[in-house]
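Please read the structure below before turning to the comments.
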Amino acid sequence: MQYINEILNNKCIWVPFLLWFTIQTFKVIVDLIKNRKLNVKRIMGAGGMPSSHSAIVCSLATCIGKEYGLDSGIFAFSVIMAFVVMYDAAGVRRAAGRQARILNKILETPGLTTGEVQERLIEALGHTPVQVFVGAILGIVVGIII
């Protein structure tokens, strides 16, 4: 029981988690307004404004910095990992999303493919630099406030 209490009292766990949930819920609501259709799968989906990946890692790094100090090794580790995640979101995963978009267009072109396409590739995998930046700022601000 002590371990459960320690986890529940650890802001470095629940602040990023609640921030992720809030951002993803916001994306579901925006998608509902935009498409007039509830897409519950969007809660676990990637892409969109703001980047929940960036918000999570930046809120985590901020919480760790507040808890253990800006000169601690764990803070340095969390900042480096935040940059890796944000680079991946705006770089590698964004490129994969672009490739998926192109492949989906190829598969939809009559005469280029044989057989029926069973499913489309997911195109919204990554984030624009602006989405990453807004997510990072949001994560830092929430990490400082809470």
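A few points about this structure:
- Debye, to nearest 20: dipole size of segment 1-56, +1 on Lys, Arg Cβ, -1 on Asp, Glu Cβ: 380
- Highest mean first, the peptides 63-73, 78-88 sorted by other C-beta atoms within 10 Å per residue fall in the order 78-88, 63-73.
- Each peptide in 47-53, 138-144, 25-31 gets a packing score, the mean of other Cβ atoms within 10 Å over its residues, and the list from highest to lowest is 47-53, 138-144, 25-31.
- Residue-wise HN-Hα coupling along segment 50-67, computed from phi with Karplus coefficients 6.51, -1.76, 1.60 (Hz; x: Gly, Pro): x, 6, 6, 4, 5, 4, 4, 5, 6, 5, 5, 4, 5, 4, 5, x, 5, 6
- Estimated vicinal HN-Hα couplings, Hz - segment 21-32 in sequence order (Karplus 6.51, -1.76, 1.60; Gly, Pro = x): 4, 5, 5, 5, 5, 4, 5, 5, 5, 4, 5, 4
Where a number appears in this text, it was derived from the coordinates with a stated rule and is not lab data. As the structure is a prediction and not an experimental result, all values here were calculated from the model. Note that we place each Cβ from the backbone using ideal geometry, even for glycine, and neighbour counts take in every protein chain shown.
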